[in-house]
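The values are calculated or read from the model by the stated rules, or taken from the named source; none is laboratory data. Computed from a prediction, not measured in an experiment: that's the story for all the values here. Neighbour counts run over all protein chains shown; Cβ positions are idealised from the backbone, glycine included.
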Amino acid sequence: MPPAKGQVTREKILNVAEKLFSQKGFDGTSIDRIATAADVNRALIYYHFKNKDDIIHSLFERIIGELAAETDQLGKDTTSAGRSGVSEKVRHEITLLEKRRKMLRIMLMETLKERGGSEALFRCADIVIRGETARKDQVPPSELVYEFFTGFVPIVAFVAFRDKWCKYFGCDSQEALNLFVEAFRRTHLASHHTEGGAK
């Protein structure tokens, strides 16, 4: 059954907004610009969304939903053990996030805002951490601190900055990925085993 016309229009607005936010940034994109690019009038945008914040939060929700589904599938698919297995899992996680790199950068900026910031990045982290630890209940603060600041944040930073970092330092993108995965394996992943907490 094809989606309703209203849903098609809503998705069109979201897709156009995502492209503009990625190009111009959230603050540099107006409702008028979105309306023009989507070939709809302002009233139609306000019919589907309260304001520009509602649009960005809807985009974040879409990303979170996709990430949750793909993380769940990744957990089922990556059953390999040992060094090659965990390294491959890290590569898969990076691939998942890189599909949304531009929006991830916006998510980072919105999270850092002093007022009215978004919690979407923390929700993404929660999904990934639960997938990593295979926990369905509440994750203890000690484990959250460890997984977020030494596991999730380095991967997000690598995804967000890899292309610009490689350009600045003259490093091949694939080589940077290989070096990052090895460094991550020798630090964050190795400490799992050192502390007897291999996942």
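Descriptive notes on the structure:
Here is a yes/no grid of residues against (1) under 19 Å from GLU182 (Cα atoms); (2) of a type in the set (Lys, Arg); (3) at pLDDT below 85:
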| site | (1), (2), (3) |
| --- | --- |
| LEU59 | no, no, no |
| GLY75 | no, no, yes |
| VAL90 | yes, no, no |
| SER118 | no, no, yes |
| PHE122 | no, no, no |
| GLY131 | no, no, yes |
| ASP137 | no, no, yes |
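- When the test is whether a residue is in a helix (DSSP H, G or I) and either surrounded by fewer than 17 Cβ atoms within 10 Å (Cβ to Cβ) or modelled with pLDDT under 90 (or both), SER84 passes it.
- Residues satisfying the stated conditions in segment 23-51, i.e. part of a loop (DSSP other than H, G, I, E, B), loosely packed, with under 15 Cβ neighbours inside 10 Å and hydroxyl-bearing (Ser, Thr, Tyr): SER30
- Within segment 1-50, the residues that satisfy the criterion of being touching a residue at least 24 places away in the same chain (Cβ under 8 Å) and farther than 21 Å from LYS102 by Cα are GLY6, THR9, VAL40, LEU44, ILE45, HIS48, PHE49.
- Looking only at residues of segment 159-190 that are surrounded by fewer than 16 Cβ atoms within 10 Å (Cβ to Cβ) and hydrophobic (A, V, I, L, M, F, W, C), we find that the one that is nearest to the chain's Cα centre (by Cα) is PHE161.
- Options VAL145, VAL156; residue that is surrounded by 14 or more Cβ atoms within 10 Å (Cβ to Cβ) and at pLDDT 90 or above: VAL156
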